Structures are given as C-alpha cells and as structure tokens.
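Participant: Sharing a structure here in structure tokens format.
The values are calculated or read from the model by the stated rules, or taken from the named source; none is laboratory data. Nothing here was measured: the structure is a model prediction, and the numbers come from that model. Don't worry about glycine lacking a Cβ; one is built from the backbone with ideal geometry, like all the others, and counts go over all protein chains shown.
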Amino acid sequence: MTAGGETSATRQRSDEYVNSGHWPHPNDRPCRDCGHVWFRGERRHEYDVDSLESLPDRHEDVHVVCILCLQQREFEREEGEEDRTARRWHW
C-alpha cells in the first residue's frame, strides 16, 4: 500500500500473477526474514513488491514475508535504516 492506502500498480500486478496461477500463493512459502510458516488462522504472507519498480519474470526473485516482517520492512524503508535486523520486535 502506498501513502493514503492506495494499492501500487506493482502490488496489483503481483496479485494478478497469484490469482492467475503464474505465481504460488505467498502463504505457501515461508517468511524470508523470520522463517514463519503459515498455518490456517495465523498471520498471512505477502510478496514484498513495494520496493520494486517492476516485477521480475520469476516469483523466486521476489521475497515472501509475513505481514509483521513486511510492516517492519516498510518502517525501515521510511526511516532509511540500513540494518534490517536492528529493530525486530515481533519474535
């Protein structure tokens, strides 16, 4: 989501890839940052596409993260932090 709650064009395209079956659902892959494995009733996983200008052809090139790690990444992008592990607060 962009500022103001709008969905980015890149995120919309990634959702289309998942819905059409070209990419696996992100819940089928573990979180790249914390290793969380999704089970029914737990926090969902998403492709982290907000930092990309365009989507690569291969889904393996896009990181899958749980929503808590995605929020942390977004916070760090806003703050401009270089050390991604400095403020891990949810595990």
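Participant: List every residue pair whose Cβ atoms lie under 7 Å apart, where the two residues are 6 or more positions apart in sequence or sit on different chains, the first residue falls within the stretch 30-51 and is among the β-branched types (V, I, T), and the second residue, located anywhere, is buried (at least 16 other Cβ atoms within 10 Å of the Cβ) and at pLDDT below 95.
Facilitator: Filtered contacts from the stretch 30-51: V49/T10; V49/R11; V49/S14; V49/L55; V49/V62.
Participant: May I pose another question? For the stretch 64-74, state whether one or more residues are modelled with pLDDT under 80 and charged (D, E, K, R). I'd like the intermediate steps shown before the answer.
Facilitator: So the first thing to find is which residues in the stretch 64-74 are modelled with pLDDT under 80, and the list is none.
No, there is no match, as no residue in the stretch 64-74 is modelled with pLDDT under 80 and charged (D, E, K, R).
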